[in-house]
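The values are calculated or read from the model by the stated rules, or taken from the named source; none is laboratory data. Source: prediction; values computed, not measured. Heads up, the Cβs are rebuilt from the backbone with ideal geometry, glycines too, and the neighbour counts pull from every protein chain shown. Each accessible area value is taken on the protein alone, full model and side chains, heavy atoms only, with ligands, DNA and RNA left out. Shrake-Rupley method; radii C 1.70, N 1.55, O 1.52, S 1.80 Å.
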Amino acid sequence: MIYVTSDLHFGHGNIIKLANRPFLNLHEMEKTLIENWNNKVKKHDTVYVLGDFSMKIKKDRIEEILKQLNGTIILIKGNHDNPKDIKISYDYLELCHNKFTFVMFHYPIADWNGKYRDNYIHLHGHTHSSEKFSNLPYKRYNVSVEANNYTPILLDDIIKEFENEEISRHK
């Protein structure tokens with residue numbers, strides 16, 4: 001199984017206030033994020049984190065958190081990820097899965113490869129919005145934890161959501 005998520009912000013207590021997250025403190029947020037992750041993601045699954053895995057914490061604490069999370073984790077650089085403390089795999093990535101190409105980047109962008117094609121979906125985080133779909137006529141999807149109940153989301157579920165969105169538009 002392949003999952004995506006972004007903007008976990010491990011180590012960043014102020015994100016609770018800034019993004020209006022429903023947690024009392026940093027410890028509760030981190031515990032919930034880890035539990036939610038491990039309740040969905042299994043040992044042999046892969047998770048693409050589209051930036052901002054952590055903020056203002058050192059390498060040993062990041063490694064401690066990574067060891068607690070199930071699956072193979074692929075990190076795409078966000079604006080708060082420090083390459084000195086965390087191993088970034090990509091700045092930008094295109095991944096083919098189930099007849100779709102997912103264009104993964106931390107930021108929501110106006111133009112991406114395949115934008116005009118029905119089988120290309122741009123995945124992003126950064127906005128800390130609870131809105132999943134953009135208001136563009138093209139396929140863009142917010143994978144930040146705020147939009148997905150503080151848990152990673154399956155690529156196949158994103159495809160289903162777009163299919164359901166298309167059906168509801170044509171009713």
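Details
- Failed item, numbered, when Glu165 is tested on (1) modelled with pLDDT of 95 or more; (2) farther than 29 Å from Glu30 by Cβ; (3) not β-branched (Val, Ile, Thr): (1)
- Exactly one residue out of Lys56, Lys43 is within 13 Å of Leu69 (Cα to Cα) and among the basic types (Lys, Arg): that is Lys43.
One line per residue, one yes/no per condition, for (1) surrounded by fewer than 16 Cβ atoms within 10 Å (Cβ to Cβ); (2) more than 16 Å from Val4 (Cβ to Cβ); (3) touching a helix residue (DSSP H, G or I) at 6+ places or on another chain (Cβ under 7 Å); (4) in contact (Cβ under 8 Å) with a residue 60 or more places away in the chain:
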position	(1), (2), (3), (4)
Leu93	yes, no, no, no
Asn98	yes, no, yes, yes
His106	no, no, no, yes
Asp111	yes, yes, no, no
Tyr116	yes, yes, no, no
Asn119	yes, yes, no, no
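- Members of segment 1-22 found to be under 23 Å from Lys67 (Cα atoms) and assigned to a loop (DSSP other than H, G, I, E, B), listed by number: Met1, Asp7, Leu8, His9, Gly11, His12, Gly13
- Residue within segment 58-67 that is crowded, with 20+ Cβ neighbours inside 10 Å, part of a loop (DSSP other than H, G, I, E, B) and among the charged types (D, E, K, R) present: no
- The condition (being open to solvent by less than 70 Å² (accessible area, probe 1.4 Å), touching a strand residue (DSSP E or B) at 6+ places or on another chain (Cβ under 6 Å) and under 17 Å from Glu161 (Cβ atoms)) is satisfied by just one residue among Phe102, Phe133: Phe102.
- Whenever a residue of segment 137-162 is free of Cβ contacts under 8 Å to residues at least 60 places away in the same chain and in a helix (DSSP H, G or I), its partners that are open to solvent by 40 Å² or more (accessible area, probe 1.4 Å) and of a type in the set (Gly, Ala, Ser), lying with C-beta atoms within less than 8 angstrom and at least six residues away or across chains, give the pairs Ala147/Ser130.
- Residue match in segment 68-80 (condition: touching a residue at least 40 places away in the same chain (Cβ under 8 Å), of a type in the set (S, T, N, Q) and open to solvent by 20 Å² or more (accessible area, probe 1.4 Å)): yes
Yes/no per residue for (1) hydroxyl-bearing (Ser, Thr, Tyr); (2) at pLDDT 95 or above; (3) on the phi > 0 side of the Ramachandran plot:
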residue	(1), (2), (3)
Ile34	no, yes, no
Asn39	no, yes, no
Asp45	no, yes, no
Tyr48	yes, yes, no
Asp52	no, yes, yes
Lys56	no, no, yes
Asp60	no, no, no
Gln68	no, yes, no
Ile74	no, yes, no
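- Yes/no for Asp85 being in a loop (DSSP other than H, G, I, E, B), in contact with a Lys or Arg (Cβ under 8 Å, 6 or more places away or on another chain) and surrounded by 15 or more Cβ atoms within 10 Å (Cβ to Cβ): yes
- Leu24, sole failed condition from (1) exposed (fewer than 13 other Cβ atoms within 10 Å of the Cβ); (2) within 15 Å of Val143 (Cα to Cα); (3) aliphatic (A, V, I, L, M): (2)
- Test: residue in segment 106-127 that is of a type in the set (Asp, Glu), under 19 Å from Pro152 (Cα atoms) and either in a loop (DSSP other than H, G, I, E, B) or at pLDDT 90 or above (or both): no
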